[in-house]
Structure formats: structure tokens, C-alpha cells
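K.L.:
Okay, here's the structure, questions in a sec.
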Amino acid sequence: RSRIRTTGNPDEPFDRLREKYAAQIPVLQGEMTGGWYQHPLSTPDLLARKFAADRLLPTAEKLAVLAALTNPAFAYPKNQFERAWQALLLNDEHSYGTSGYQGRRVYETWMQHRDWIEKAESIARLVSKQALETIAVQVDNPDEAILIFNPTARQRTELVVHGGSACLVDDLPPLGYKAISLTSFTASDTRPQAISEPPIVENQYYRLAFSHGGSLRSIYDKQLGRELVAPSAGFLANEFVYTKDNHKTFHTPTAATFELIDNLYQTRVVVHTCEAVSHAAIRQQITLLHHEKRIDIDNQIMHAADMFNKNRYDRYAYYAFPFQVESGRRFCQLNGCLAEYGRCLTGHGTDVYLPAHEWCCVENDDFGVALCQLDSQLIEFDHIHADKTDYGDPGKGSAIFVYLANDWLQMHVPDGDHLNFQFRYAITSYSGNHETARIASIAERFAQPVLQTSCPAHPGSLRRGEHSF
């Protein structure tokens, strides 16, 4: 008899289970894509906050247990956690369908959903802060320091920013902390420098070339010796794509301004642009990390007023990532399971999109490209599918389109055109396949950032320096 215990990402235990017992355990192959997967996309700001609460609550529970073990005066907030999880479970119900998707009833329903999410998120953040501070004052530390806590069950290296300074922290212990003296932090220049032309930036892993519209026209992998952006895809990488006539026409930003921030630890390009049809002001922040083969992307879409209208099924928003991987297989991670796009389906629902919990990838026998995501959910491959109910035409191409939002529910907030969205991604490319490249580990670290707090100079019962619980 086997028993699996995990405090982290369930991908690896499921992989080991699959390797050992796949031939013995009958499995119904297929993902029954539900039509309601599209419904949260009508409120993308709420979906993103729901994801944030989902990720932070387990971290808060870990910290609360450790705080209670190290300081008996810390009371484990059992009732608060129960209320937080109950709020998230209630948020997942489907009552807004009874409202006819319009009028006061749908507005009130979504206000209730928003309240549930905000309560869960607030509890997770408050408990995490209190528990981490409780642990910090127990650390035997001769000098004032910053306590860095790693919530994952694997050792990692992270860039930690404190005020205007930064420090690359190596060998963070799994489910443990490292106290970094303030003297270890060095000033990090974060002053932006305006650039008149679309820049080309690079590090030891990648060379990125920007277009006049602000998207990436080239991602060149120096290790693989490959261009990752398909030259004839019709869209560029990290390009905002908008349609207001149910996919008859598509609109993208055409002009951008650029700022460059370059220091010892990272190179960052800040792009300011707009998309005229949606009326969205867009700020895109693309960061090349110098210590890791990863491109971090933070997209903020502000005042997309045209999304909020009196019609439904007309307006959709996407981000394009037209990767070039010949004869690629396409996968979406489903929190322990892995679904192959266009194949792992039962045939009972559409095959034009799949949910991806934290990452998706396209790969062949030689190399692959993975896209990690924090705030969005649905992935389409090959092309943007106009008919979201279609079945049988998933295409074979390696382009990835993130299905961001639609105009299905307009009245969950008054004056909805003031809503601002944030969509964060990370790109990494690799030789071999996603397992040998440990993409699940990269995605987990991206989705589970380290936490930090000030650690006073104070004698304590916990080991100074670093400690794994």
C-alpha cells in the first residue's frame, strides 16, 4: 500500500503515480470542457483575485502552523480559515444564471461574489503577515535583517527587493526561511530611461526585439539557437488582441513608447501603449531575469470601456503568444493532471479551449516553450476560434492565444468601464520535454513567490541564518 503526502504542487506525486501504476489503473481519458469555463472570463478581475486567494490561503495555513509551533501564544485561526475556504466555495456556485444575465439581480449577485473573494483574500493576507512576523521575532539574529520565507517544498534561488535595494538569495531552504542582513542588499537602479525607438535587449539566455506597437517581434533563445516567434503568425508575442464584432475583425495597439530599466539583476522594458477600439490604456512590463532562464511579463489593461456594452457575445480580448515549434504537441496543466490539447477530450464538449491551472506548453522531441500564467485561465492553440462551441477543428499549430475576457456579464459593477485588469505571465524555453526541464517547478515558483518581513536584532529560540521546518 502506498501513501502520498505533499505540502506543495501535486504535479510530481501524480507523475510518479502515473509512471508506476498507469498500466494497472484504468483511466477515463479526456477532459469534458464545460461551457461555464467561459463565465468567469466575463469578470476577469474577480477571477484573478480568486486565483490569488486560492494560492495564498495554503501558504497562510502553513505559516500559521509554524507560528503556533514556535510560539504557543499564537492561536491558530481555525475559524478564520474555515470562513475563508467557505467563501471561496460559495463563490464558485452559479446563481448568476438565474438572473437572466442582466439587471439588478445580476449586479447584486456579483457584488456578493466579490465580497466572498475579498473576505477570503483579506484573511489569507492578514494571517500570513501576522504569522510571519511571529516567526521573525523568534529568530536568533544579531543584526537587523530581512526574513525570507519559502512556502514551497523545494530549495530555490530568488531575487528579493527591499526598498530601493536588492539581493539574490541562494539556497532558500524548502518550507523554511533565510535571514538576510540588511548589509547584504545593494542599491538597485530602478530609474527608467526613455527610449525613442523599439529596443532590443538581451542577457545570457534571450535576445528580445520589440515592435513599434509594443509587442515582441522576436524572442531568440541563445542556448537553443532558435527564434521562438513565428514570423508569419499574423500576431506578435505578448500582443493585446481585441474584437468587438464577434471575431470578424481584430484590433491591436499600433504605437508605443518605451522605458528601459537595467541593473545588475535584471533588464526591464516598460511599454506604454493603447488600443483605440477598446479604448484601453495598456502598460506592459517585460523583465529579463539575469539569474534564471525566464521572461516575466506584467500586463495592465486600464479603462477598456468598449468591453462594457448592452450586447453579449460580441466582444472578446486575448493575448497572443505565437510560438514556433515544428510538429509540436500541446499540453495544459490541470493541477496534478496534464491534458493534451485537441486529444484529451471525451467528445461531450467543445475542443477550442482548455483551462490551464498554472502553465501550458508546446514541444516536440527536441525542445519546447512553456507559458506560465497567474491571472487568466483559458488557452487556445493554433488560432483564435470564433465559434466557442465548435468541436473537431483544434488545429495543429503551436501558437498560443490566452482567452482573457468576454462581454457576457456587464452589470456586476456600476460604470464598469473603470475596471482595470492585470494579466501576468512567464515564458521559458527548454531542450528536451517539460518533465526533464522541470516546468512544473518553474511554474510553482512563479505562482508561489517568497514572503518577507523585517527581522529585528533579537535573541531567539530559532536558528539564525536559515532554517527548514
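The values are calculated or read from the model by the stated rules, or taken from the named source; none is laboratory data. This one's a predicted model, so the numbers in the text were calculated from it and none came from an experiment. Here the Cβ positions follow ideal geometry from the backbone for every residue, glycine too, while neighbour counts run over all protein chains shown. When the accessible area is computed, the model is the full protein with side chains, heavy atoms only, and any ligands, DNA or RNA have been set aside. Shrake-Rupley method; radii C 1.70, N 1.55, O 1.52, S 1.80 Å.
K.L.:
Which of the DSSP-defined H helices in the chain satisfy a minimum axial length of 18 Å, computed from C-alpha atoms, and a minimum mean Kyte-Doolittle hydropathy of -0.5?
P.N.:
In the chain, the long hydrophobic H runs are 44-70.
K.L.:
OK, next. Charges on Cβ only, +1 for Lys and Arg, -1 for Asp and Glu, centred on the Cα centroid of the chain; of 146, 258, 367, which one is farthest towards the dipole's positive end?
P.N.:
146
K.L.:
Between residue 314 and residues 5 or more places away or on another chain, which pairs have amide H atoms under 5 Å apart, with H built 1.01 Å from N, and which residues are they?
P.N.:
407
K.L.:
If packing is taken as the average number of other Cβ atoms within 10 Å across a peptide's residues, how do 54-60, 369-375 rank, most packed first?
P.N.:
Per-residue mean Cβ counts within 10 Å order the peptides as 369-375, 54-60.
K.L.:
Please label the shape of the range 356-404 as rounded, prolate or oblate, based on the square roots a ≥ b ≥ c of the eigenvalues of the alpha-carbon gyration tensor (a/c under 1.5 means rounded; beyond that, a/b larger than b/c means prolate, else oblate).
P.N.:
oblate
K.L.:
Can I ask one more? At 222 nm, what helix-only mean residue ellipticity would the chain give, in deg cm²/dmol to the nearest 500, using -39500 (n - 2.57) for each DSSP H run of four or more?
P.N.:
-7000 deg cm²/dmol
K.L.:
Please compute the length gained on full extension between residue 184 and residue 309, using 0.36 nm multiplied by the number of residues separating them and subtracting their Cα-Cα distance.
P.N.:
39.7 nm
K.L.:
Quick one: accessible area per residue over the chain, 1.4 Å probe, rounded to a whole number of Å²?
P.N.:
Accessible area per residue, the chain: 45 Å².
K.L.:
With an 8 Å Cα cut-off and a minimum separation of 6 or more residues, compute the relative contact order for the range 184-246 in percent.
P.N.:
The normalised contact order for the range 184-246 reaches 20 percent.
K.L.:
Give the residue from 327, 42, 288 lying farthest towards the positive end of the charge dipole for the chain; charges sit on Cβ (+1 for Lys and Arg, -1 for Asp and Glu) and the dipole is referred to the Cα centre.
P.N.:
42
K.L.:
Quick check on packing: order 70-79, 148-157 by the mean number of other C-beta atoms within 10 Å, highest mean leading.
P.N.:
So the peptides 70-79, 148-157, ranked by packing, come out 148-157, 70-79.
K.L.:
So, one more: If amide hydrogens are placed 1.01 Å from N in the peptide plane, which non-local residues have theirs closer than 5 Å to the one on residue 176?
P.N.:
Those lying under 5 Å, H to H, from residue 176 are 150, 469.
K.L.:
What percent do you get for the relative contact order of the chain when only Cα pairs under 8 Å and 6+ apart count?
P.N.:
Relative CO of the chain lands at 21 percent.
K.L.:
Out of residues 5 or more away from residue 374 or on other chains, whose amide H comes under 5 Å of its own, with H placed 1.01 Å from N in the peptide plane?
P.N.:
HN-HN under 5 Å from residue 374: 424.
K.L.:
Roughly how big is the range 371-469's charge dipole about its Cα centre, with Cβ charges of +1 (Lys, Arg) and -1 (Asp, Glu), in debye to the nearest 20?
P.N.:
My answer is approximately 800 debye.
K.L.:
Same structure, new question: Highest mean first, how do 18-26, 297-305, 168-176 rank when packing is the count of other Cβ atoms within 10 Å averaged over residues?
P.N.:
The packing order, highest mean first, is 297-305, 168-176, 18-26.
K.L.:
Would the range 155-260 count as rounded, prolate or oblate if I go by the C-alpha gyration tensor, calling it rounded below 1.5 in a/c and otherwise prolate when a/b exceeds b/c, oblate otherwise?
P.N.:
prolate
K.L.:
Another one. For the range 333-463, what value does the Rg/Rh ratio take when both radii are computed over Cα atoms and Rh is the Kirkwood radius, given to two decimals?
P.N.:
Dividing the radius of gyration by the Kirkwood radius yields 1.11.
K.L.:
Show me, for the range 377-385, the HN-Hα J-couplings you get by feeding each phi into the Karplus relation (A = 6.51, B = -1.76, C = 1.60, θ = phi - 60°), rounded to Hz, glycine and proline as x.
P.N.:
So the Karplus estimates, Gly and Pro as x, are 10, 9, 10, 10, 10, 6, 7, 6, 8 Hz.
K.L.:
Another question, then. About its Cα centre, what dipole magnitude does the chain give when the only charges are +1 on Lys and Arg Cβ and -1 on Asp and Glu Cβ, stated in debye to the nearest 20?
P.N.:
Computed charge dipole of the chain: roughly 920 debye.
K.L.:
Let me check the size of the chain from its C-alpha atoms; what are the radius of gyration and Dmax in Å?
P.N.:
22.8, 67
K.L.:
Show which lysines lie in cross-link reach of residue 396 when reach means a straight Cα distance below 21 angstrom and same-chain residues fewer than eight apart are skipped.
P.N.:
Residue 396 reaches 388.
K.L.:
Say R0 is 51 Å: what FRET efficiency, to the nearest 0.05, do residue 207 and residue 82 get from their beta-carbon distance?
P.N.:
E(calc), rounded to 0.05, equals 0.50.
K.L.:
Additional query: What list of ³J(HN,Hα) couplings, whole Hz, do you get for the range 168-181 from phi and the Karplus terms 6.51, -1.76, 1.60, once you set θ to phi - 60° and write x for glycine and proline?
P.N.:
So the J values, rounded to whole Hz, are 8, 9, 8, 6, 5, x, x, 6, x, 10, 9, 8, 10, 4.
K.L.:
Which entries in 62/129; 50/178; 244/310; 50/119 show an alpha-carbon gap greater than 19 Å?
P.N.:
Table pairs above 19 Å Cα-Cα are 50/178.
K.L.:
OK, next. So what are the radius of gyration and Dmax for the Cα set of the range 165-227, in Å?
P.N.:
17.5, 45
K.L.:
To continue, here is another question. Normalised by the residues of the range 265-356, what does the relative contact order come to in percent, with Cα pairs under 8 Å and at least six apart?
P.N.:
17 percent
K.L.:
Considering only 446, 109, 216, whose Cα is most displaced toward the positive end of the charge dipole of the chain, charges sitting on Cβ of Lys, Arg (+1) and Asp, Glu (-1)?
P.N.:
Highest projection toward the positive end goes to 109.
K.L.:
With no solvent and one point per C-alpha, what does the Debye sum give as log10 I(q)/I(0) for the range 190-323 at q = 0.09, 0.14, 0.22 Å⁻¹?
P.N.:
-0.28, -0.65, -1.32
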